Each structure stands twice: as structure tokens, then as C-alpha cells.
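Shown next, in C-alpha cells, is the structure this report addresses.
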Amino acid sequence: MNDVREQLIRDHGELEQLLQRLADDSAAPEPAALLPTWCQFETRLLAHMDAEERYLLPLLDVSHARESAQTRAEHARIRELVSELGVAVELHTARQAAITELIAILRQHSEHEEESVYPLGSQRAEAHVQTKISAALETARRLASTLSTRVAAVIRSSSNDRARP
């Protein structure tokens, strides 16, 4: 398996874990429990799609234009859903059904990429493309972790402030 393909499939697995945490957090009695996980998931997912669109899909634009266009269209739809769900998370109105819908769509999208896009792109990806994708995904991991930690700290601080007489 090519390094680019391995990196992106591994990232899919990590995003799946975050999605599962999000689904679990949605059952928490305090709606704010979703925010740290959401920040981490959203940051990672958007960076993942951006890396694919910047570095991988251009390798397919000429030789496999239909695959490239389909992936971009799926990304646009996913971004719409993420935006809508993000507003709901921030307003504390996110529902399990919306999270479940996003999970289903992302799983289907991941299967498409792993079966079609990644093998095609990996055949064409040179070392510099692999390095750029790796750097983009690692930067997103670090940023998402930092954001999640900071959001969790703000929530704890806010909860402590409300608990004081």
C-alpha cells in the first residue's frame, strides 16, 4: 500500500473514532459536552478534505475527471452538513439523528475514496505530494488537539463560575 493511501486511510480511521466519540457525547446530559469533540472532529475533517483537494485530486483531474468531480461534489455536501451540525452543536440543539446521518454519509464517502480515489491518486503521487499531505494532516491533528483542550477548559471554567454562589 502506498504511503499516501496509508496516511489517508489512517486518518479516516481516526475521524471515525472522533465521530463515535461525538455520537457518545451527544447522549451526555450537558449539551456543552459535545463542543470539545466537535472542535477536534470539524478541524480534522475539513483539513483532511482540503489536503485531498489540494494535493491528491489534481493528480486525477485529467486522467480520472469523473472520480475527481464526484469527490469534490461529495466534499461540498459534507461541508454543508458539517456547517449545519456545527451551528446546532454551538446552539446546544444538535440531535443524534443529524450525527447519525453525518456518520452514514462519511462512511459511504470513505468507502468510495478508499476503493477508487486513493488507489488512483497513490499511483501518481510523488514524494513531495506525500510529504505535503502528511504535513497537512499532522498540522490538523495538533491544531485540533489544542482547540479541543482549550474549549474543554473554557467549558470547565464556565461551569465552575455558575456553580459558585
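Quick notes on this one:
- When each of Ser148, Ser158 is scored by the number of other beta-carbon atoms lying within 10 Å, the sequence from fewest to most is Ser158, Ser148.
- Rough spin-label spacing in nm, given labels placed 7 Å along Cα→Cβ, for Ile155 and Lys132: 3.6 nm
- 12 Å cut-off, amide nitrogen to a point 7 angstrom out along Ala69 Cα→Cβ, residues in region 104-146: none
- For the chain, calculated [θ]222 nm from helices alone, where every DSSP H run of n ≥ 4 adds -39500 (n - 2.57): -27000 deg cm²/dmol
- The dipole here belongs to region 59-165: it is taken about the Cα centre, uses +1 on the Cβ of Lys and Arg and -1 on the Cβ of Asp and Glu, and is about 620 debye.
- Shape class of region 1-59 from the Cα gyration tensor (axes a ≥ b ≥ c, square roots of the eigenvalues): prolate, since a/c reaches 1.5 or more and a/b is larger than b/c.
- Largest first and in whole Å, the equivalent-ellipsoid semi-axes of the chain read 33, 17, 11, each the square root of five times a Cα gyration tensor eigenvalue.
- Loop-resident sites, region 97-164, for GluC sites (Glu not before Pro), counting at most 11 other Cβ within 10 Å (DSSP): Glu126
- Phi angles across region 119-132 convert, under the Karplus curve 6.51 cos²θ - 1.76 cosθ + 1.60 with θ = phi - 60°, into 3J(HN,Hα) values of x, 5, x, 5, 5, 9, 6, 8, 4, 5, 5, 4, 5, 5 Hz, Gly and Pro given as x.
Laboratory data are not the source of any read-out in this text; all were calculated from the coordinates shown. What you are looking at is a predicted structure, and each value in this text was computed from that prediction instead of being measured. Reconstructed Cβ throughout: ideal geometry from the backbone, glycine too, with neighbour counts over all protein chains shown.
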